[in-house]
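Worksheet: the structure to be examined is printed underneath.
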Amino acid sequence: MSPDWPSYKGDYILGNEESRVAILIIGRGTVDLPPDLYRIKGTVKTENLGLEKVVLNIVSNPSIRYLVVCGKEEFGHFPGDAIVSLWSNGLDEDRRIIGAKGAIPYLCSIPDEVLIRFRQQVHVIDLVHPREVEEMVAMDPIYEFEKERRAELIKVLKRLKAEPGADLEYGPMHLEVPGLRQSGEMTARGMHRTADMIIETMLTMPSEALSTKSKFILVSNEFNMGLDPVSGTIFQAPSLKLAEKMKSYFTGD
């Protein structure tokens with residue numbers, strides 16, 4: 001495996017190079033685990049760009065065969081539900097995760113062959129608890145795993161370590177998505193700025209202008225820059241296609 005793996009930056013730590021397990025913690029959860037029980041332990045906060053990074057990093061390492069999703073589900077994004085739904089159901093023709101509950105569960109940056117490979121490569125184990133959340137308790141809360149949840153996780157990891165396994169018969173799959181190369185924090189900031197731009201346009205433009213179906217215009221693919229033809233605003237976003245989905249979500253189109 002390349003010493004540069006994982007290819008896409010995020011909030012993670014690496015463990016045992018011989019392990020076939022990736023641990024994905026919802027939100028800003030923290031749990032102390034023996035590093036010999038996992039290859040990588042990281043977090044995911046969103047049901048779109050963050051999830052795309054997870055998929056891309058997994059398919060670029062064919063020795064990863066298990067993805068353990070754990071922690072507390074988060075209202076709004078529902079990233080735990082999104083990853084399980086993606087693995088179980090895939091995407092529809094509009095790039096939306098089938099059955100996902102999140103606000104904007106679209107994977108616009110990665111093609112079907114990558115998603116097919118992801119779903120074939122790993123077995124997803126769902127340890128998210130609590131799964132059913134009906135309101136936002138706090139904005140991006142930091143939390144520690146409860147004692148029983150940590151014990152449950154370790155038990156599963158030990159079982160997976162004892163199971164025989166082999167790398168996927170295919171080699172690593174690499175895909176270059178420039179908009180995802182920045183850190184998770186920078187990616188989030190970019191999409192937050194895009195959301196602010198969309199909302200500001202909604203608040204300042206006449207309703208007849210907002211009712212137009214004009215799509216964002218690509219200005220620079222290298223720098224992920226687009227133009228909103230309604231407001232005339234030039235903006236930068238990690239994914240212009242996802243920005244379109246976000247605009248549709250806010251405007252109700």
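None of the figures in this text is laboratory data; all of them are computed from the coordinates on show. Predicted, not measured: the structure shown is a model, and the values here were computed from it. Virtual Cβ from ideal backbone geometry, glycine too; neighbours counted across all protein chains shown.
What does the charge count near Ala22 come to, summing +1 for each Lys or Arg and -1 for each Asp or Glu among other residues with Cβ under 10 Å from its Cβ? Please list the in-between numbers first.
Values: positive: Arg20, Arg39, Lys41, Arg65; negative: none.
Local net charge: +4.
Summary value for the chain: 20 percent relative contact order, contacts being C-alpha pairs under 8 angstrom separated by 6+ residues.
In the chain, a dipole from Cβ-located charges (positive for Lys and Arg, negative for Asp and Glu) runs towards its positive end, and of Ala100, Ala243, Ser19 it is Ser19 whose Cα lies farthest in that direction. Placing unit charges on the Cβ atoms of the charged side chains and taking the dipole of the chain about its Cα centre, the candidate lying farthest along the positive direction among Ile142, Leu67, Val55 is Leu67. Please list, or write none, the lysines whose alpha carbon is within less than 26 Å of the alpha carbon of Lys155, excluding same-chain residues fewer than 8 places away. The reachable lysines, counting only those whose Cα sits under 26 Å from Lys155, are Lys41, Lys45, Lys72, Lys147.
Contour minus end-to-end for Glu148 and Tyr170, with contour as 0.36 nm per residue of separation and end-to-end as the Cα-Cα distance? Intermediate values should be presented prior to the final figure.
Values: separation 22, 0.36 × 22 = 7.92 nm, distance 3.75 nm.
Computed gain between Glu148 and Tyr170 is 4.2 nm.
Listing Val219, Val230 from fewest to most neighbouring C-beta atoms within 10 Å gives Val219, Val230.
The mean sequence distance of close C-alpha pairs (under 8 Å, at least 6 residues apart), as a share of the length of the stretch 184-251, puts its relative contact order at 32 percent.
The Rg/Rh ratio of the chain, with Rg taken over Cα atoms and Rh as the Kirkwood radius over Cα pairs, comes to 0.99.
With a cut-off of 12 Å between beta carbons, the residues surrounding Thr187 carry a summed charge of +3, where Lys and Arg count +1 and Asp and Glu -1. Overall, the chain carries a charge dipole of about 360 debye about its Cα centre when +1 sits on the Cβ of Lys and Arg and -1 on the Cβ of Asp and Glu, all other atoms neutral.
Please give me the summed charge of the neighbours of Asp36: other residues whose Cβ is under 11 Å from its Cβ, Lys and Arg +1, Asp and Glu -1. Walk me through the numbers on the way to the answer.
Numbers: positive: Arg39, Lys158, Lys161; negative: Glu17, Glu18.
Residues close to Asp36 contribute a combined charge of +1.
Taking amide H as placed 1.01 Å from N in the peptide plane, the amide H of Val219 sits under 5 Å from that of Met225, Gly226, Leu227, each at least 5 places away or on another chain.
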